[in-house]
Amino acid sequence: MPPALITIGLLLCSNIFMTFAWYSHLKELNHKPWIIAALVSWGIALFEYLFQVPANRVGYTVMSVGQLKILQEVITLSVFVPFALFYLKEPLKLDYLWAGLCLLGAVFFMFRSKLGL
């Protein structure tokens, strides 16, 4: 499997754990002291790092650090929007579209050398 696809898959898994670590306590643990939420989040974040570190190591063999970061941000928004809509029951806003379009611009500029532009 190409390193870029391995990186994307690992970052996708990492971001699912990251999103739950960062935001699920708002729904599930909002009645608990913040320290409990922080400890639970840290436990979930361990799994995030078990995917994120290898993703960046594999990705760095074929991408620059800037490209890895932009890829990470695109994946983050791709995971966060469905999470916010379906898990946290947040309303769908055009702001997600505008943010996504800005990220597509960032992707273009970070990867245009690989596209031959």
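Write out, first by first residue and then by second, each pair whose Cβ atoms fall under 6 Å of each other, whose residues are 6+ apart or on separate chains, and whose first residue, in region 16-31, is in a loop (DSSP other than H, G, I, E, B) while the second is of a type in the set (Gly, Ala, Ser) and modelled with pLDDT of 95 or more.
LEU29/ALA37
Mind listing just one residue for me: the one in region 83-96 that is at pLDDT 90 or above and surrounded by 11 or more Cβ atoms within 10 Å (Cβ to Cβ) and, of those, nearest to LEU12 (Cα to Cα)?
It comes out as PHE83.
Considering each residue of region 19-44, count those that are within 12 Å of the chain's Cα centre (by Cα) and more than 17 Å from PHE86 (Cβ to Cβ), and give that number.
The number of residues fulfilling the criteria is 1.
If you scan region 30-57, which residues turn out to be under 12 Å from ILE16 (Cα atoms) and of a type in the set (Gly, Ala, Ser)?
Once the filter is applied, which keeps residues that are under 12 Å from ILE16 (Cα atoms) and of a type in the set (Gly, Ala, Ser), region 30-57 yields only ALA45.
Pull up region 1-18, narrow it to residues that are closer than 18 Å to PHE80 by Cβ and touching a Gly at 6+ places or on another chain (Cβ under 9 Å), then point me to the one that is surrounded by the most Cβ atoms within 10 Å (Cβ to Cβ).
LEU11
Can you find, within region 59-77, the residue that is nearest to LEU5 (Cα to Cα) among those that are small (Gly, Ala, Ser) and surrounded by 14 or more Cβ atoms within 10 Å (Cβ to Cβ)?
GLY59
Looking for something at pLDDT below 95, under 26 Å from LYS114 (Cβ atoms) and not basic (Lys, Arg) - is there at least one such residue anywhere in region 42-56?
Checked region 42-56: no residue is at pLDDT below 95, under 26 Å from LYS114 (Cβ atoms) and not basic (Lys, Arg).
To keep it simple, each residue is scored yes or no on (1) free of Cβ contacts under 8 Å to residues at least 40 places away in the same chain; (2) assigned to a helix (DSSP H, G or I).
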residue	(1), (2)
GLY66	no, yes
ILE70	no, yes
ILE75	no, yes
PHE80	no, yes
LYS89	yes, no
TRP98	yes, yes
CYS102	yes, yes
GLY105	yes, yes
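The values are calculated or read from the model by the stated rules, or taken from the named source; none is laboratory data. The shown structure was predicted, so the numbers you read here are calculated from the model rather than taken from an experiment. Cβ atoms come from the backbone with ideal geometry, glycine included; neighbour counts cover every protein chain shown.
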